[in-house]
Amino acid sequence: VQLQASGGGLVQAGGSLRLSCAASGSIRSINRMGWYRQAPGKQRELVARITTGDYAIYADSVKGRFTISRDNAKNTMYLEMNGLKPDDTAVYYCNAQVGFAYYDYWGQGTQVTVSS
């Protein structure tokens, strides 16, 4: 499975961005996909995750502001981010969990910077 993330950038507080993650390869073996982020000096954390049945979970810090979705026809996952805050500044990584062991595959990361 190969993952290609895009859509990051610089935005002012209160603004919006949409991240995309295009998947290729053994798509049918993907169980669930998600977005993680890592800010400087901090551990990588889960932002949102979605299953093949479109069940989604969110970190408390982004609930009500971020929306994760999948377009199976395009093999693409999205993260719609609204009401962005400076604390959302991080490198965002897309993730796919594959097979019975839920093996992790990672995209290359895309930088999101929110200015105050």
What figure, in Å² to the nearest 10, do you get for the accessible area of Ser116 with a 1.4 Å probe and non-protein molecules left out?
140 Å²
Region 53-64 - phi-based ³J(HN,Hα) in whole Hz, Karplus 6.51/-1.76/1.60, Gly and Pro as x:
x, 6, 7, 10, 10, 9, 5, 4, 5, 10, 4, x
Give the carbon-plus-sulfur fraction of the accessible surface of the chain in %, rounded to a whole number; probe 1.4 Å, heavy atoms of protein chains only.
48 percent
Å² per residue, accessible surface of the chain at 1.4 Å:
55 Å²
How many nm separate the modelled label positions at Phe100 and Ser116, each set 7 Å beyond the Cα in the direction of the Cβ?
5.1 nm
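Taking loop as defined by DSSP and a crowding limit of 13 other beta carbons within 10 Å, which chymotrypsin sites (Phe, Trp or Tyr not before Pro) in region 1-63 fit?
Working: sites: Trp35, Tyr36, Tyr55, Tyr58; in loops: Tyr55.
Passing sites in region 1-63 are Tyr55.
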Expressed in µm² per second, the diffusion coefficient of the chain from the Stokes-Einstein equation, with Rh the Kirkwood radius over alpha carbon pairs, at 4 °C and 1.567 mPa s, is 92 µm²/s
Starting from the Cα-Cα distance between Gln12 and Gln43, subtract it from 0.36 nm times their residue separation and give me the gain in nm to one decimal.
8.8 nm
In terms of Cα to Cα distance under 21 Å, which lysines are near enough to Lys63, apart from those fewer than 8 places away along the same chain?
Lys42, Lys85
Whole-Å distance, taken between Cα centres, linking region 83-115 and region 1-66
5 Å
With both partners inside the chain, how many of the DSSP beta bridges are antiparallel, as a percent to the nearest 5?
90 percent
Chymotrypsin sites (Phe, Trp or Tyr not before Pro) within region 83-116: which are DSSP loop residues with at most 14 other Cβ atoms inside 10 Å?
Phe100, Tyr102
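The values are calculated or read from the model by the stated rules, or taken from the named source; none is laboratory data. These numbers come from a predicted model, not from an experiment. So basically every Cβ, Gly included, is an ideal-geometry build from the backbone, and we count neighbours across all protein chains shown. In case anyone asks, the SASA skips ligands and DNA or RNA and just uses the protein heavy atoms, side chains included. Shrake-Rupley method; radii C 1.70, N 1.55, O 1.52, S 1.80 Å.
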